[in-house]
1. At 0.36 nm per residue, minus the direct Cα-Cα distance, what do V70 and R136 gain on full extension? Give it in nm, one decimal, please.
2. Give me the extension gain from E43 to D118: residue separation times 0.36 nm, minus the current Cα-Cα distance, reported in nm with one decimal.
3. Would you calculate the volume per residue, in Å³, of the smallest convex hull containing every Cα atom of the stretch 35-184?
4. Collect residues whose amide H, placed 1.01 Å from N in the peptide plane, falls under 5 Å from the amide H of D134; neighbours closer than 5 in sequence don't count.
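Taken together, the values in this text are just the output of simple stated rules run on the coordinates, not laboratory data. Every value quoted in this text rests on a predicted model; they were computed, and no experiment measured them.
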Amino acid sequence: MRTADVLRTVLAGAAVIGLAAGCGSTVDGTAATPTTTVRNLDEIEVYNPCTQLSEEAMRGTGADPSTKRVVTDPPTGPASWRICSWEVTALPYFVTVASSSHTVDETRANPNETGFRDVNIGARPGLVHQDRADTRGLICRVAIPAEQGMFVISADWRASKPITQDRCELAVKHAKDLEPHLPK
């Protein structure tokens, strides 16, 4: 995978701030001021697709487990991102699985993302999106919610090969294949 593609994947996800608005309360029938909940992203230990996603799951989605590349996987403790990619056997692209403490709502609010489309991924609501800087349309992503934040499954076409398939359709297919293997 090209270094620029890897960096774009990491930076686009990490660019958002981890704030989520909470619900307010009422006092004597009068609405109180809404509260703000700050999620400490440095304390959330996210699922590790690099070590916890099985070889069988990767084979089942058409990826070759022996081609795994670690994009970012801190050795220990909490991390806001853990990302690995695998080569797909049938076509010239990678499937990338990112696990994050960031949320789908943060992705939707990220001005660096575009092409938003809602899609069902198993029982979860998914969000198809693309990096605004990817002018060649090489990468498409699907974000799905998780208790920890979200998972982002991407189809990353090799820049050196002619594009013959819709990357968003491929990303949705992989997200649907992998969703049952990812924690809620």
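1. Length difference between fully extended and current span is 21.4 nm.
2. Values: separation 75, 0.36 × 75 = 27.00 nm, distance 2.94 nm.
Extra length available between E43 and D118 comes to 24.1 nm.
3. Cα-based convex hull of the stretch 35-184, divided per residue, equals 114 Å³.
4. Here the answer is none, since no amide H 5 or more places off falls under 5 Å of that of D134.
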